[in-house]
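See below for the structure under consideration.
The values are calculated or read from the model by the stated rules, or taken from the named source; none is laboratory data. The structure presented is a predicted model; accordingly, all values stated were derived computationally and were not measured. Quick reminder, even Gly has a Cβ in these numbers, built from the backbone with ideal geometry, and neighbours come from all protein chains shown.
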Amino acid sequence: SWPTGKKLVALTYDDGPNKDLTPKLVALLEEKKAPATFFVLGQSASVNQKGLADLAARGFEIGNHSYTHRQYTKISADAVREDLERTSDLVSSATGIRMTVMRPPYGAHNSQVRRVCDEMGYKVILWDVDTNDWRGRSPEQITNTVMTETRDGSIILMHDRRHKVGG
């Protein structure tokens with residue numbers, strides 16, 4: 001989190017863009033005039049480059065969330081770099097954007113991951129409010145988590161992909 005003194009929070013979405021869900025989410029965010037950061041997964045973006053380009057055209061921040069969603073603390077520095085570059089190249093080609101923020105899969109990072117990210121010009125962005133939406137929690141459970149755990153400067157983790165409700 002990063003306190004602002006203004007009661008501001010950051011909405012972040014991982015693992016997209018999803019062909020069906022991301023456009024609906026974007027429409028809602030635009031209706032509410034709510035900015036957000038989408039930490040895109042290269043594998044998702046590769047099959048939905050139109051959705052990726054749309055995020056950029058609408059002014060949403062795009063961050064790197066890897067290509068393969070491998071846990072970066074369990075692979076070599078070269079493998080981390082290659083995975084990030086693959087997504088970076090894809091995003092740059094589809095949008096013209098050079099990403100400057102990244103979120104490691106599972107939030108897993110160590111000195112090696114941070115060094116690679118620093119060398120590549122990425123700021124590592126984590127979160128302090130985890131909605132656990134990927135676990136299939138109900139909208140009421142997610143809302144309760146956000147309302148009870150969020151404070152000024154919170155970074156809220158959500159996902160723009162389909163997941164089972166009630167699990």
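Given the criteria closer than 20 Å to S46 by Cβ and either without any contact (Cβ under 8 Å) to a residue 60 or more places away in the chain or in a loop (DSSP other than H, G, I, E, B) (or both), does R86 qualify? So R86 fits the description; yes.
Of all residues in the stretch 84-109, those being under 11 Å from N64 (Cβ atoms) and either buried (at least 19 other Cβ atoms within 10 Å of the Cβ) or β-branched (V, I, T) (or both) number 13. Checking the stated criteria, T68 turns out to be at pLDDT 95 or above, closer than 22 Å to R114 by Cα, assigned to a loop (DSSP other than H, G, I, E, B) and among the β-branched types (V, I, T).
With respect to the numbered conditions (1) without any contact (Cβ under 8 Å) to a residue 12 or more places away in the chain; (2) of a type in the set (K, R); (3) not in a helix (DSSP H, G or I), which one is the sole condition not fulfilled by K7? Here K7 clears every test but (1).
Would you be able to say whether some residue in the stretch 112-121 is surrounded by 15 or more Cβ atoms within 10 Å (Cβ to Cβ), within 19 Å of A36 (Cα to Cα) and in contact with a strand residue (DSSP E or B) (Cβ under 7 Å, 6 or more places away or on another chain)? Checking the stretch 112-121: not a single residue is surrounded by 15 or more Cβ atoms within 10 Å (Cβ to Cβ), within 19 Å of A36 (Cα to Cα) and in contact with a strand residue (DSSP E or B) (Cβ under 7 Å, 6 or more places away or on another chain). Within the span defined as the stretch 32-52, every residue fails to be surrounded by 13 or more Cβ atoms within 10 Å (Cβ to Cβ) and of a type in the set (D, E, K, R).
Looking at (1) under 17 Å from the mean Cα position of the chain (by Cα); (2) among the hydrophobic types (A, V, I, L, M, F, W, C); (3) modelled with pLDDT under 95, which is the one condition that is false for L8? So the condition that L8 fails would be (1). Residue-level check: of (1) at pLDDT below 95; (2) more than 17 Å from the chain's Cα centre (by Cα), D160 misses just (2).
The residue that is farthest from D78 (Cα to Cα), among those in the stretch 108-141 that are free of Cβ contacts under 8 Å to residues at least 24 places away in the same chain and of a type in the set (G, A, S), is G121.
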